[in-house]
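A.B. asks: I am attaching a structure below and will ask some questions about it afterwards.
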Amino acid sequence: MPPIGRDLDDRQKLACAFRILGRSGFTENIAGHITVRVDGSEDLLINPWGLWWEEITASDICRVSPEAEVLDGKWDVTPAIHIHTELHRRRPDVRVVVHNHPYYATVLAALGVLPEFLHQTGSMFDGDLAFVDEYTGEVATADLGADLADRIGDKSVVLLANHGVIVTGPSVEEATYRAATIDRQCRLMYDVLVTGRDHTLVAPSLRRSMKASLLERGTDFFWNGAVRALLRDHPEVAE
């Protein structure tokens, strides 16, 4: 696989993830946050409150405790930090949590519809999709974060009614790839629904192998290429 051409630490990877997803339309202006659990710790890396995803650099990233106390960083963090702290607390398998309100995922979240397996790439989410069917307002306390985490359970891609989407993953690379892909699948679902016509699905017997292929081979392909393009256009992201 063609490499990126340089090594990146976790802060640099996280800054790249924000820029990549911002460029792909995963954002909604002031909304959204991504956390990464620090290796060997329960602390989290997260974006500061007030910077748009498209302008974040590695030096902007904040470090917070599991109780959401800012330990390192120039600014404060989102009031919705407890979406992340409580989900990380309950899911040791999850290193990365991505949350925002991309347009087509938000449309389906308002309709109460999960994307179906309309295309081979959608197989990436086989067995991982869920819907939280109640909007409870801003998740601004640990108790509300805990309730949401309990509703999410063991799923890794969750549409939140009248809200947005949460994507989790074991690495920045995989979580970014999955996040960049889910809104495209939601757009495809919306466009198919608009036609009002019958549609076909990828057979369940084919999804497992396709999912494995996409995640095992597609993750590095996507991440390396996206980061190479980003660093060519915006080398300051790694600063």
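A.B. asks: Of the conditions (1) touching a Cys at 6+ places or on another chain (Cβ under 8 Å); (2) free of Cβ contacts under 8 Å to residues at least 12 places away in the same chain, Pro92 satisfies every one except a single condition; which number is it?
C.D. replies: All conditions are met except number (1).
A.B. asks: Of all residues in the stretch 145-183, count the ones that are under 19 Å from Ser213 (Cα atoms) and open to solvent by 10 Å² or more (accessible area, probe 1.4 Å).
C.D. replies: 8
A.B. asks: With under 19 Å from Ala146 (Cα atoms) and among the β-branched types (Val, Ile, Thr) as the only criterion, which of Ile61, Ile30, Ile46 stands out?
C.D. replies: Exactly one of Ile61, Ile30, Ile46 is under 19 Å from Ala146 (Cα atoms) and among the β-branched types (Val, Ile, Thr), namely Ile46.
A.B. asks: Okay, moving on. Would you call Trp49 within 18 Å of the chain's Cα centre (by Cα) and among the hydrophobic types (A, V, I, L, M, F, W, C)?
C.D. replies: In short, yes.
A.B. asks: Follow-up question, since we're still on this one. Return the residues of the stretch 92-124 that are over 27 Å from Ile30 (Cβ atoms) and either part of a loop (DSSP other than H, G, I, E, B) or open to solvent by less than 20 Å² (accessible area, probe 1.4 Å) (or both); say none if nothing qualifies.
C.D. replies: The answer is Pro92, Asp93, Glu116, Phe117, Leu118, His119, Gly122, Ser123, Met124.
A.B. asks: Could I ask something else about it? Based on this model, can you work out whether His88 counts as touching a strand residue (DSSP E or B) at 6+ places or on another chain (Cβ under 9 Å), part of a helix (DSSP H, G or I) and surrounded by 18 or more Cβ atoms within 10 Å (Cβ to Cβ)?
C.D. replies: yes
A.B. asks: A follow-up question, please. When you look at Val194, is it out of contact with any His (no Cβ under 6 Å at 6 or more places or on another chain), surrounded by fewer than 18 Cβ atoms within 10 Å (Cβ to Cβ), not charged (D, E, K, R) and not in a loop (DSSP other than H, G, I, E, B), yes or no?
C.D. replies: Answer is yes for this residue.
A.B. asks: Now a separate question. If a residue has to be part of a helix (DSSP H, G or I), within 23 Å of Tyr103 (Cβ to Cβ) and touching a residue at least 40 places away in the same chain (Cβ under 8 Å) to count, how many in the stretch 15-52 make the cut?
C.D. replies: 6
A.B. asks: Additional query: Quick check: is even one residue across the stretch 128-138 out of contact with any strand residue (DSSP E or B) (no Cβ under 6 Å at 6 or more places or on another chain) and either closer than 26 Å to Thr219 by Cα or among the aliphatic types (A, V, I, L, M) (or both)?
C.D. replies: Checked the stretch 128-138: no residue is out of contact with any strand residue (DSSP E or B) (no Cβ under 6 Å at 6 or more places or on another chain) and either closer than 26 Å to Thr219 by Cα or among the aliphatic types (A, V, I, L, M) (or both).
A.B. asks: Looking at the stretch 64-88, I want the residues that are in contact (Cβ under 8 Å) with a residue 40 or more places away in the chain and have a partner that is in a helix (DSSP H, G or I) and open to solvent by less than 30 Å² (accessible area, probe 1.4 Å) with Cβ atoms under 6 Å, at least 6 apart or on another chain. Which pairs are those?
C.D. replies: Ala68/Thr85; His82/Gly145; Ile83/Gly145; Glu86/Gly145; Glu86/Ala146; Glu86/Ala149; Leu87/Ala149
A.B. asks: Could you tell me which of the residues Val113, Val97 is closer than 21 Å to Gly22 by Cα and either in contact (Cβ under 8 Å) with a residue 60 or more places away in the chain or within 14 Å of the chain's Cα centre (by Cα) (or both)?
C.D. replies: Exactly one of Val113, Val97 is closer than 21 Å to Gly22 by Cα and either in contact (Cβ under 8 Å) with a residue 60 or more places away in the chain or within 14 Å of the chain's Cα centre (by Cα) (or both), namely Val97.
A.B. asks: Looking at the stretch 133-152, I want the residues that are over 12 Å from His84 (Cα atoms) and assigned to a loop (DSSP other than H, G, I, E, B) and have a partner that is of a type in the set (A, V, I, L, M) and open to solvent by less than 60 Å² (accessible area, probe 1.4 Å) with Cβ atoms under 7 Å, at least 6 apart or on another chain. Which pairs are those?
C.D. replies: Within 7 Å, the pairs are Asp133/Ala161; Glu134/Ala161; Tyr135/Ala161; Glu138/Ala80.
A.B. asks: Further question: Considering Arg187, Arg228, Arg207, which residue is touching a Ser or Thr at 6+ places or on another chain (Cβ under 6 Å) and either of a type in the set (S, T, N, Q) or modelled with pLDDT of 95 or more (or both)?
C.D. replies: Arg207
A.B. asks: Let me ask another. Conditions first: (1) surrounded by 13 or more Cβ atoms within 10 Å (Cβ to Cβ); (2) without any contact (Cβ under 8 Å) to a residue 40 or more places away in the chain; (3) in a helix (DSSP H, G or I). Arg232 passes all but one, so which condition is the exception?
C.D. replies: (1)
The values are calculated or read from the model by the stated rules, or taken from the named source; none is laboratory data. Please read all numbers here as calculations on a predicted model, not as lab measurements. Virtual Cβ from ideal backbone geometry, glycine too; neighbours counted across all protein chains shown. We work out accessible area using only protein heavy atoms, side chains counted, and drop any ligands, DNA or RNA first. Shrake-Rupley method; radii C 1.70, N 1.55, O 1.52, S 1.80 Å.
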